[in-house]
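The block underneath contains the structure these notes are about, expressed in structure tokens.
Each reported figure results from applying straightforward, stated rules to the coordinates on display, with no laboratory input. Note that the structure is predicted; figures quoted are calculated from it, not measured. Don't worry about glycine lacking a Cβ; one is built from the backbone with ideal geometry, like all the others, and counts go over all protein chains shown.
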Amino acid sequence: MADITCKSEIPNAEGLPPTALTVGRHIILNCEGQWNKSFDFTKATFKTNPNEKSIVKVLKAEAKSINSFNIDMTLYSAGQYKFPSLDLTDGTNEIVLGPQQFQVTSVLEKTEDGKPPPPFGPILPLKLVWPPIYFILFLILVGTAITLAVLKVRRRIRLKRLIEGLKQHDSPQSPDLQFYKTMRALEKKEYPLDELEQTFRTFSLRIYQVPLFELNNGQALRFMKKRRPQFKKQRATVQKFLEEFEELVKRKETVTKAERNELAKKLYRFIDQQEVLRNQAGLV
């Protein structure tokens, strides 16, 4: 196998001198020569001893032509490094790059007495150069945590407002007496569909403390499931009525008087049953 010759190049980085090789800074090795073309550059790593494995790292490697390839690499510790032979491997094949040496300086500022800086300096401003992927992951984690916290606070505020909003439906009359009084008035008007639904929602709102006017049907049922889990059967009945009202409203113009009367009878039976259960459960 012919020798590989490589020349190092340090890309410009904002805030750093053009040729200063500092910890974590990218180094581009531009290499030319002949190598086994079955070499998989996507799996390329440096073949190093265990002590060097955490210091020198391949960030990216790719062939540029049949006779040249580039290696984007970095070193994570300051010092003078002399590699007798820095070899590239994909786990099966190897490319011998030959001797390579690098002088890496720290990005930490020197103290006035020339001694190394203390191991635990101020947290901010952050001087260390992180690999980009770590910084991006850090930002994603922080952003996710903030988003979840904001959503949690917003849900709590909304829940509090919904519960407080139930008070505007309070009445000196009990839920069942208010229902019967309203239904007697609706009977004289042949049970208008919209007012029947409003009467049903008002009763269910008061007896189960579910904001049926502020939430859609699905949200209201989930609210009832979470806040009143002991009323599983009643929730199923409430769901059936909501679905029936939704279906009738879609064909409001064709709903007959007989259908409205039958719906009113169902509501009377439902309210009678709920009042008995409510008294048994001690729900006010």
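Going through the cross-link list Lys181/Lys257; Lys152/Lys250; Lys188/Lys225; Lys225/Lys257, which pairs have a Cα-Cα distance over 31 Å in this structure?
The pairs that break the limit, which is 31 Å between Cα atoms, are Lys152/Lys250; Lys188/Lys225; Lys225/Lys257.
On full extension of the chain, what length is gained from Gln230 through Glu246, given 0.36 nm per residue of separation minus the C-alpha to C-alpha distance?
Fully extending the segment from Gln230 to Glu246 adds 3.2 nm.
Cα to Cα, under 19 Å, and not fewer than 8 places away if on the same chain: which aspartates and glutamates meet these conditions relative to Lys64?
Excluding near neighbours in sequence, the set is Asp3, Glu9, Glu32, Asp40, Asp72, Asp87, Asp90, Glu94.
Report, ordered by chain and residue number, the aspartates and glutamates lying within cross-link reach of Lys233, taken as a straight Cα distance under 18 Å and ignoring same-chain residues fewer than 8 apart.
List returned: Glu243, Glu244, Asp272, Glu275.
Under a point spin-label approximation (7 Å from Cα along Cα-to-Cβ), what is the Lys266-Asp194 distance to one decimal in nm?
Modelled inter-label distance: 2.1 nm.
Loop only per DSSP, at most 16 neighbouring Cβ atoms within 10 Å: give me the chymotrypsin sites (Phe, Trp or Tyr not before Pro) in segment 185-284, ordered by residue number.
Here the sparse-neighbourhood loop sites are Phe213.
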